[in-house]
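The block underneath contains the structure these notes are about, expressed in structure tokens.
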Amino acid sequence: MIDKNERVVWIDIAKGIAILLVILGHTLSWNLPAEKTLRDAIYSYHMPLFFVLCAAASKPISNANELVKKIELSFIKLIFPLIGYAILLILFEAAISIELNNFDMSDIVSKGINSLVYANGVDVHVQNAIIPAIGIVWFMITLFLSKTLFGYICFKLQSQKKQFVVSIMCGVLGMIIGHFQWLPFTLDIVLQVMPFFYLGNLIKQFKLQDRTIIKMLICGIIWFAIFMFYYTYANSGYDLSWRWHPLYPLSDIGAMFGVLFIIYLSVWLQKFKLITPLKFLGRNTFLLFWIHTFDSSWQFFWMVTNHVSIHFSLRLLEDILVFYIIYELLCVIKERVRMKKSQ
């Protein structure tokens, strides 16, 4: 189903579900067993879901100029905000160090650059040094580089069989490298997610409207069975940022079925008009993602109780309120720019 803005409706719905899962996953506790299990269940597929949807929404590249233009647009959309975020972190650290009478700008800038270069969600151990985590925005540089790599693979290899083989080889290689050493710019994760990009590219050929509910249930059951098996047997969850792939490749296969479950769910939901707000959030996923990046700064507003459902509800409500304000401001600015150009 294509809407009036030439957007694939189920992809926007799936993106909306994905960003809600990100917020919920970051709200759940590591320390409480029930919440940790739910958190690990969400983590078992929610990041791969973004990579699959990215590939599913991508258009084929016919020449080198299109590839370069696509890379440039992705750089502006994903990397420019990330650089701005890194600069803000450096300035914030500098302000804190001045207040504590421990100011060393060269050390602060060095740590900030290292965090940006490794761009990881958690601290990275490099020989005897520890590179501070840059936080959840690690996803931006991983998405940019993985989009670029898979776009190049599809451009150079027109055969789907060759794309499949190369994607699998990249996935295995990235997993092996990440087991021993996490690379700068999360390049090992970039390699690891190539099979998910291949799945997203392949989904374009699926008949998603046929027997949607049955396929959704089958994929959901398979995902849940695989998740419970490796989660119980290996006593570990799946997490790209930590490079956790319990019983590899079983955990990655489970992630794919979890992704397919959400996709078929989104295809089924697109016929309901009540799902419009979710579709709207999906169209503006990156804006809500950046707002969520900063929402821990005002957690005293939503950390009013120990009940996780209240935490999540208040956090989501506040994120969406800020999202709506910024969205309306951007619309006003865009309209004024358009009017000035037309004069």
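The values are calculated or read from the model by the stated rules, or taken from the named source; none is laboratory data. As the structure is a prediction and not an experimental result, all values here were calculated from the model. Note that we place each Cβ from the backbone using ideal geometry, even for glycine, and neighbour counts take in every protein chain shown. Accessible surface is based on the protein model in full, side chains and every heavy atom, while ligands, DNA and RNA are left aside. Shrake-Rupley method; radii C 1.70, N 1.55, O 1.52, S 1.80 Å.
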ILE203 meets each of (1) of a type outside the set (Lys, Arg); (2) farther than 16 Å from LEU250 by Cα; (3) more than 21 Å from the chain's Cα centre (by Cα) with one exception, condition (3)
Answer from LEU91, LEU116, LEU73 - the residue that is surrounded by 13 or more Cβ atoms within 10 Å (Cβ to Cβ), assigned to a helix (DSSP H, G or I) and of a type in the set (A, V, I, L, M) = LEU116
In the set SER62, SER29, the lone residue that is without any contact (Cβ under 8 Å) to a residue 24 or more places away in the chain and of a type in the set (Ser, Thr, Tyr) is SER62
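Looking only at region 26-49, decide whether some residue is in contact with a His (Cβ under 8 Å, 6 or more places away or on another chain) and surrounded by fewer than 19 Cβ atoms within 10 Å (Cβ to Cβ).
Initially, region 26-49 is screened for residues in contact with a His (Cβ under 8 Å, 6 or more places away or on another chain), giving 26-27.
Add one more test, that the residue is surrounded by fewer than 19 Cβ atoms within 10 Å (Cβ to Cβ), and what stays is 26.
Yes, that holds for at least one residue.
Looking at this structure, is TRP268 open to solvent by 40 Å² or more (accessible area, probe 1.4 Å), within 19 Å of LEU21 (Cα to Cα), over 16 Å from the mean Cα position of the chain (by Cα) and touching a residue at least 40 places away in the same chain (Cβ under 8 Å)? Before the answer, list the steps.
Numbers: open to solvent by 40 Å² or more (accessible area, probe 1.4 Å): yes; within 19 Å of LEU21 (Cα to Cα): yes; over 16 Å from the mean Cα position of the chain (by Cα): yes; touching a residue at least 40 places away in the same chain (Cβ under 8 Å): yes.
Yes, satisfied.
I need a count of the residues in region 194-237 that are under 30 Å from PRO33 (Cα atoms) and outside any helix (DSSP H, G or I).
Of the residues in region 194-237, the ones under 30 Å from PRO33 (Cα atoms) are 196, 216-237.
If we keep only those that are outside any helix (DSSP H, G or I) as well, we get 234-237.
Qualifying residue count for the region: 4.
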Of the residues that make up region 137-156, is at least one within 24 Å of HIS46 (Cβ to Cβ) and assigned to a loop (DSSP other than H, G, I, E, B)?
-> yes
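Would you say ILE310 is without any contact (Cβ under 8 Å) to a residue 12 or more places away in the chain and open to solvent by 60 Å² or more (accessible area, probe 1.4 Å)? Please lay out each step first, then the result.
Values: without any contact (Cβ under 8 Å) to a residue 12 or more places away in the chain: yes; open to solvent by 60 Å² or more (accessible area, probe 1.4 Å): yes.
Spelling it out, ILE310 is indeed without any contact (Cβ under 8 Å) to a residue 12 or more places away in the chain and open to solvent by 60 Å² or more (accessible area, probe 1.4 Å).
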Residue tally, condition open to solvent by 50 Å² or more (accessible area, probe 1.4 Å), under 14 Å from PRO195 (Cβ atoms), in contact (Cβ under 8 Å) with a residue 24 or more places away in the chain and within 23 Å of the chain's Cα centre (by Cα), over region 150-170 = 2
Hits in region 97-113 - residues which are at pLDDT below 85 and open to solvent by 60 Å² or more (accessible area, probe 1.4 Å) = ILE98, GLU99, LEU100, ASN101, ASN102, PHE103, ASP104, MET105, SER106, ASP107, LYS111
Do we find a residue being surrounded by 16 or more Cβ atoms within 10 Å (Cβ to Cβ) and either touching a strand residue (DSSP E or B) at 6+ places or on another chain (Cβ under 7 Å) or part of a loop (DSSP other than H, G, I, E, B) (or both) anywhere in region 173-190?
-> yes
What number of residues in region 238-265 are open to solvent by less than 20 Å² (accessible area, probe 1.4 Å) and outside any helix (DSSP H, G or I)?
-> 5
Residues of region 43-68 satisfying the condition of being under 23 Å from PHE224 (Cα atoms) and in a helix (DSSP H, G or I) | TYR43, HIS46, MET47, PRO48, LEU49, PHE50, PHE51, VAL52, LEU53
Per-region count, region 225-237, residues surrounded by fewer than 17 Cβ atoms within 10 Å (Cβ to Cβ) and either in contact (Cβ under 8 Å) with a residue 60 or more places away in the chain or over 16 Å from LEU260 (Cβ atoms) (or both) = 7
Can you give me the number of residues within region 103-144 that are within 18 Å of TRP244 (Cβ to Cβ), among the polar types (S, T, N, Q) and out of contact with any Ser or Thr (no Cβ under 8 Å at 6 or more places or on another chain)?
-> 0
Looking at (1) open to solvent by 20 Å² or more (accessible area, probe 1.4 Å); (2) at pLDDT 95 or above, can you tell me which one ILE13 breaks?
-> (1)
